[in-house]
Amino acid sequence: MDNHLKNTLRELLVALADDELILGHRDSEWCGHAPILEEDIAFANLALDEIGHANLWYSVLADLEEADRQSFVDRMVYWRDAPDFRNIQMVELPNGDWAFSMLRHYVFDSAEIERLNVLAESVFPPLAETAAKIRTEEYYHLRHTRLWLRRLGLGTAESRQRLQAALDQLWPYTGQLFEMPGEPDHLFALGIKMDQASLSWEAQVIPFLGECQLILPAGAERLLNRQEHSRHLPILLAEMQSVARLDPEAEW
Amino acid sequence: MPDDTQWPRFQVFVQVKPGAPFLDYGSVHAPDLELALLNARDVFARRPDCVAMWVVPAEGIFSKTVQELQDWDSAPASDNAGNRETYHVFAKPMHAGAQTLLGQVEASSPEQALRLALERYENKKPAFAWWVFPARLALSSQVEDIPSLYAPAREKNFRLSTDYKTITAMRELRQPDKDG
């Protein structure tokens, strides 16, 4: 493979994996704290799924680099610092309340499915196959979060107000959902058409949020790139990486 | 119960492979049937095989144990009162077993459904306890749900606690204490 193309692919895979890893870690923070036992288990499952998806993307990258999968993935997860992460900012924000976490998951899942639809058409087979595999599980995530959004949006005055507050906070970050790193020409050469994903995402999310009695905030979109992070990411990483970094030689 | 803020309870029935009888797996709390089905998937179908699932409001299940049947007045007084509908019949073969789907009967009340079930199944399948409920109360997962709800779990490998070397490591750490 052409080196330029390989670089774009490399950056793309890190971005995809980091999004899943950081959201998965945030999901795991609900463990023991969700409003009811069943939802606690549901969020632990979401966490495991997202971290599993991150593992799949890092493994595609490991194969591309001809590296040993397990040690490569460990290195990516535990031994990089915040400036090296390429996740979008939305996933690193603290969990907030239940409405915020649920809305973020809905927004991310609905966008992820559209991203995966596009990636599944890529001409690079490992990328296309992994996208198709992850997609089946995301349908379930989306089903869960959609049910909850409807119930919170159409529930009580308080649940609707909390969901609206979450949307007001999150919406400016959504511009980043379809921003992928790498040269546009290279992404095109790989058969990846993110513009298409973005359009079909908007076409389904905006009406659905309306059905949930939510009002889209008028404020401007934040212009962010994947190298910029909030102050929340280093704190998240410090906790996620603390055990691994205590003893670099430990075997697990 | 004004102090009870718990959501309603739903009984969960699982089919582990096509054609197998549905088995009672336990219950989940949920605000409604749709979320009950998803909660049931998360609680009961993550590891073991599962191809279909039913959730049923727990209060909709009419149940009798063998002891209760002895005192049960089974006089068919109001059998023709309501419209007939399909009831699922479950029985628990032993004290320790799970409630297992035996089949369906057409009845106009839970009492009549149980009486018909006893007539049909009791001699063939002596049971410790019986459950009947109208089929319309159950929400079932669909065949098209299999790829997203159940299939991914099959490919997930997980490590048993014994796969980790913690126990050996702890033993080595403790060793000096014993010697000293």
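Hey, what did the stretch A:95-139 get for relative contact order, percent, Cα under 8 Å, at least 6 apart?
On the way: 24 pairs, mean separation 14.5, N = 45.
Across the stretch A:95-139, relative contact order equals 32 percent.
Please give the length that would be gained between A:Lys133 and A:His4 if that part of the chain were fully extended, namely 0.36 nm times their separation in residues minus their C-alpha to C-alpha distance (nm, one decimal).
Result: 43.8 nm gained on full extension.
Suppose every K and R has +1 on its Cβ and every D and E has -1 on its Cβ; what is the size of the dipole of chain B about the Cα centre, in Debye to the nearest 20?
Details: 20 positive and 24 negative charges, 176 e Å.
Dipole size: approximately 840 debye.
Using θ = phi - 60° and the Karplus form 6.51 cos²θ - 1.76 cosθ + 1.60, what ³J(HN,Hα) does each residue of the stretch A:136-145 get, whole Hz, x for Gly and Pro?
The phi angles translate into 4, 6, 5, 4, 5, 4, 5, 4, 5, 6 Hz.
Reachable lysines from A:Lys6, Cα under 19 Å, same-chain residues fewer than 8 places away excluded?
Those lysines meeting the cut-off are A:Lys193.
Which log10 I(q)/I(0) values, to two decimals, does the stretch A:165-229 give at q = 0.17 Å⁻¹ under the Debye formula with one point per Cα?
-0.73
Note the direction-averaged projected area, equal to a quarter of the hull surface, for the Cα convex hull of chain B, in nm². Kindly include the intermediate steps, with their values, before the conclusion.
On the way: hull surface 69.0 nm².
The number I arrive at for chain B is 17.3 nm².
Would you be so kind as to identify which of A:Ala34, A:Leu21, B:Thr162 lies farthest towards the positive end of the dipole of the protein assembly as shown, taking Lys and Arg as +1 and Asp and Glu as -1 on Cβ and the Cα centre as origin?
It is B:Thr162.
Would you please name the GluC sites (Glu not before Pro) within the stretch B:84-174 that are DSSP coil residues with at most 15 other C-beta atoms within 10 Å of their C-beta?
Details: sites: B:Glu85, B:Glu106, B:Glu111, B:Glu119, B:Glu122, B:Glu144, B:Glu155, B:Glu172; in loops: B:Glu122.
Here the GluC sites (Glu not before Pro) that fit, given the DSSP loop and packing criteria, are B:Glu122.
Give the residue list of trypsin sites (Lys or Arg not before Pro) in the stretch A:45-87 that are DSSP loop and have at most 15 other beta-carbon atoms within 10 angstrom. Could you put the intermediate results ahead of the total?
Values: sites: A:Arg69, A:Arg75, A:Arg80, A:Arg86; in loops: A:Arg80, A:Arg86.
When the trypsin sites (Lys or Arg not before Pro) of the stretch A:45-87 are filtered for loop state and at most 15 Cβ neighbours within 10 Å, A:Arg80 remain.
Tell me, what is the percent relative contact order of chain B, built from C-alpha pairs under 8 Å that lie six or more residues apart? Display every interim value, and only then the final one.
Values: 288 pairs, mean separation 41.5, N = 180.
In percent, rounded to a whole number, it is 23.
Can you give me the distance in nm between label points at B:Val66 and A:Gln241, each placed 7 Å from the Cα along the Cα-to-Cβ direction?
It is 6.3 nm.
Taking 7 Å along the Cα-to-C-beta vector as the label spot, tell me the A:Phe208-A:Cys31 distance in nanometres, rounded to one decimal.
Roughly 2.7 nm, to one decimal.
Using Cα centres only, tell me the gap between the stretch A:66-127 and the stretch A:181-218 in whole Å.
Distance between centres, Cα-based: 16 Å.
Given the options B:Thr166, B:Thr86, B:Thr65, state which has the largest fluctuation in a GNM of chain B using a 10 Å cut-off (strictly under) for Cα springs.
B:Thr166
Longer than 25 Å from Cα to Cα, which of B:Lys17/B:Lys165; B:Lys17/B:Lys125; B:Lys64/B:Lys125 are they? Say none if no pair is. Present the calculation step by step, with values, prior to reporting the outcome.
Numbers: B:Lys17/B:Lys165 35 Å; B:Lys17/B:Lys125 22 Å; B:Lys64/B:Lys125 15 Å.
Over 25 Å apart, Cα to Cα: B:Lys17/B:Lys165.
Any idea what diffusion coefficient the stretch A:3-246 gets from Stokes-Einstein, in µm²/s, Kirkwood Rh on alpha carbon pairs, 37 °C, 0.692 mPa s? Before the final figure, lay out each step's value.
Details: Rh = 18.4 Å.
It diffuses with D of about 179 µm²/s by this estimate.
To the nearest whole number, what is the average tally of beta carbon atoms from other chains within 10 Å of the beta carbons of peptide B:140-151? Kindly include the intermediate steps, with their values, before the conclusion.
Numbers: counts 0, 0, 0, 0, 1, 3, 1, 5, 9, 5, 1, 2.
Across B:140-151, the average partner-chain Cβ count within 10 Å equals 2.
Work from the charge dipole of the protein assembly as shown (Cβ charges, +1 for Lys and Arg, -1 for Asp and Glu, about the Cα centre) and give the residue of A:Thr136, B:Thr86, A:Met1 farthest towards its positive end.
Positive-most Cα among the choices belongs to B:Thr86.
Give the relative contact order (percent, whole number) for chain A; include only Cα pairs under 8 Å separated by 6+ residues. Don't skip to the answer; put the middle values down first.
Details: 313 pairs, mean separation 65.5, N = 252.
Normalised by residue count, the contact order of chain A is 26 percent.
About the Cα centre, and with charges only on the beta carbon of Lys, Arg (+1) and Asp, Glu (-1), how big is the dipole of the stretch A:3-246? Nearest 20 debye, please.
Working: 22 positive and 38 negative charges, 71 e Å.
Around 340 debye, computed over the stretch A:3-246.
In a Gaussian network model over chain A where Cα atoms closer than 10 Å are linked, find which of A:Thr136, A:Thr145, A:Thr174 has the largest mean-square fluctuation.
So, out of A:Thr136, A:Thr145, A:Thr174, the one fluctuating most is A:Thr136.
Using the basic label-point model (7 angstrom from Cα toward the beta carbon), what is the A:Gln169 to B:Met170 distance in nanometres?
Label-label distance for A:Gln169 and B:Met170, simple model: 3.9 nm.
Please give the calculated 222 nm ellipticity per residue for chain B, where each DSSP H segment of at least 4 residues contributes -39500 (n - 2.57) and the sum is spread over every residue; nearest 500 deg cm²/dmol? Can you show the working numbers first?
Working: 5 runs with 48 residues, N = 180.
Computed mean residue ellipticity for chain B: -7500 deg cm²/dmol.
In whole Hz, what ³J(HN,Hα) sequence does the stretch B:58-65 give by Karplus (6.51, -1.76, 1.60; θ = phi - 60°), x for Gly and Pro?
Running phi through 6.51 cos²θ - 1.76 cosθ + 1.60 with θ = phi - 60° gives 4, 5, x, 9, 9, 10, 9, 8 Hz.
Among A:Ala218, A:Gln161, A:Leu177, whose Cα sits farthest toward the positive end of the charge dipole of the stretch A:144-225 (+1 at Cβ of Lys/Arg, -1 at Cβ of Asp/Glu, about the Cα centre)?
Ranked along the dipole, the leading option is A:Gln161.
In square nanometres, what is one fourth of the surface area of the convex hull spanned by the alpha carbons of the protein assembly as shown? Show your work: numbers first, answer last.
On the way: hull surface 116.1 nm².
Answer in nm², one decimal: 29.0.
FYI, it's all coordinate maths here, none of it is from the lab. Remember, predicted model here, so these are calculated numbers, not experimental data. Because the Cβ atoms are built from the backbone with ideal geometry, glycine has one as well, and the counts that use them run over all protein chains shown.
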